[in-house]
DNA sequence: CGGAATCCTCTTCGATACTG
DNA sequence: CAGTATCGAAGAGGATTCCG
């Protein structure tokens, strides 16, 4: 159907982890991007979402299914096979994710710079504890 | 400077609380919207953000100041007066918030409908516990 | 292969009370 | 007025192990 997902698709070194925009829960936007190119199997999704445990991936997929963002198709085979696919509603999030990425491309460096400058300043006002 | 903020600005009855898009932490986007019309004082912000405790508002404002989204200006008066104002970086979030609101206007009803239909279905697959 | 069951930590948020 | 200081509850997320 589509090429295998690149395991480095979401490199943790990338500062996108500091991105102040979140769609759904922690992994939702990444799942949407993984499914952008077509349907994928459970294990296929685990590769680019490095570090995600099966429990959390299941939770994420269930919540997305509940909200009508994806569909789940189980094939009665052995070994079992399950495929997830974006719905039209799920695909509607792609534009929003693109907007968030565009904001990050344009402004995240400034945010991180401000943060660093603040953290390096001894006079800076500190968070409450 | 500007008109008083409407205490019903963020009506909790509005399903925007179910919006699957979040900017910063829970209150960040609302603070940005409160500051859209100009600088505001601490207590002024508490009215529309109903239910926020001073501690949490302080945390939110501190984090936003650290990230260069707002500036804080304290006047040496008695009683004290402090004003918060959006920076250019903070204003850059307005477009993103508008995009999120537009998505919600167009698609949130479908999401909530899917959720309800799913929850009403006895055969539906339930979240992990 | 695609999960489920269990346990646990960490952060976030809120309630309450007090202060310069 | 504009915060601080504590305390506590809750839930998200993760580690580990096991199953049809």
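Laid out as a table, the results:
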| read-out | value |
| --- | --- |
| Unmet requirement for residue B:93, which otherwise passes all of (1) touching a residue at least 40 places away in the same chain (Cβ under 8 Å); (2) assigned to a helix (DSSP H, G or I); (3) within 12 Å of DNA strand C (Cβ to nearest atom) | (3) |
| Residue A:57 being touching a strand residue (DSSP E or B) at 6+ places or on another chain (Cβ under 7 Å) and at pLDDT 95 or above | no |
| Residue A:4 vs. criteria within 20 Å of residue B:22 (Cα to Cα), over 13 Å from the mean Cα position of the chain (by Cα) and at pLDDT below 95 | no |
| Scope segment A:45-62; condition part of a loop (DSSP other than H, G, I, E, B) and touching a helix residue (DSSP H, G or I) at 6+ places or on another chain (Cβ under 7 Å); matching residues | A:48, A:49, A:52 |
| Test for residue B:33: is it more than 14 Å from chain A (Cβ to nearest Cβ), more than 14 Å from DNA strand D (Cβ to nearest atom) and at pLDDT 95 or above | yes |
| Condition met for residue A:33 (within 30 Å of residue B:87 (Cα to Cα) and in a helix (DSSP H, G or I)) | no |
| Positions within segment B:40-52 being within 12 Å of DNA strand C (Cβ to nearest atom) and either over 14 Å from the mean Cα position of the chain (by Cα) or touching a residue at least 40 places away in the same chain (Cβ under 8 Å) (or both), in sequence order | B:42, B:43, B:50 |
| Some residue of segment B:104-125 being touching a strand residue (DSSP E or B) at 6+ places or on another chain (Cβ under 8 Å) and within 27 Å of residue A:98 (Cα to Cα) | yes |
| Tally of residues being touching a strand residue (DSSP E or B) at 6+ places or on another chain (Cβ under 9 Å) and not in a loop (DSSP other than H, G, I, E, B) across segment B:1-22 | 2 |
| Matching entry among A:74, A:98, A:110 (being part of a helix (DSSP H, G or I), at pLDDT 95 or above, out of contact with any helix residue (DSSP H, G or I) (no Cβ under 7 Å at 6 or more places or on another chain) and within 11 Å of another protein chain (Cβ to nearest Cβ)) | A:98 |
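Condition check ((1) farther than 30 Å from residue B:94 by Cα; (2) surrounded by 13 or more Cβ atoms within 10 Å (Cβ to Cβ); (3) under 14 Å from the mean Cα position of the chain (by Cα); (4) more than 16 Å from DNA strand D (Cβ to nearest atom)) across all residues:
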position: A:12; (1), (2), (3), (4): no, no, yes, no
position: A:16; (1), (2), (3), (4): no, yes, yes, no
position: A:25; (1), (2), (3), (4): no, yes, yes, no
position: A:67; (1), (2), (3), (4): no, yes, no, no
position: A:74; (1), (2), (3), (4): yes, no, no, no
position: A:77; (1), (2), (3), (4): yes, no, no, no
position: A:84; (1), (2), (3), (4): yes, yes, no, yes
position: A:88; (1), (2), (3), (4): no, no, no, yes
position: A:101; (1), (2), (3), (4): no, yes, yes, yes
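The values are calculated or read from the model by the stated rules, or taken from the named source; none is laboratory data. Treat the numbers as computed from the prediction; the structure is a model and nothing was measured. Cβ: placed from backbone, ideal geometry, glycine included. Neighbour counts: every protein chain shown.
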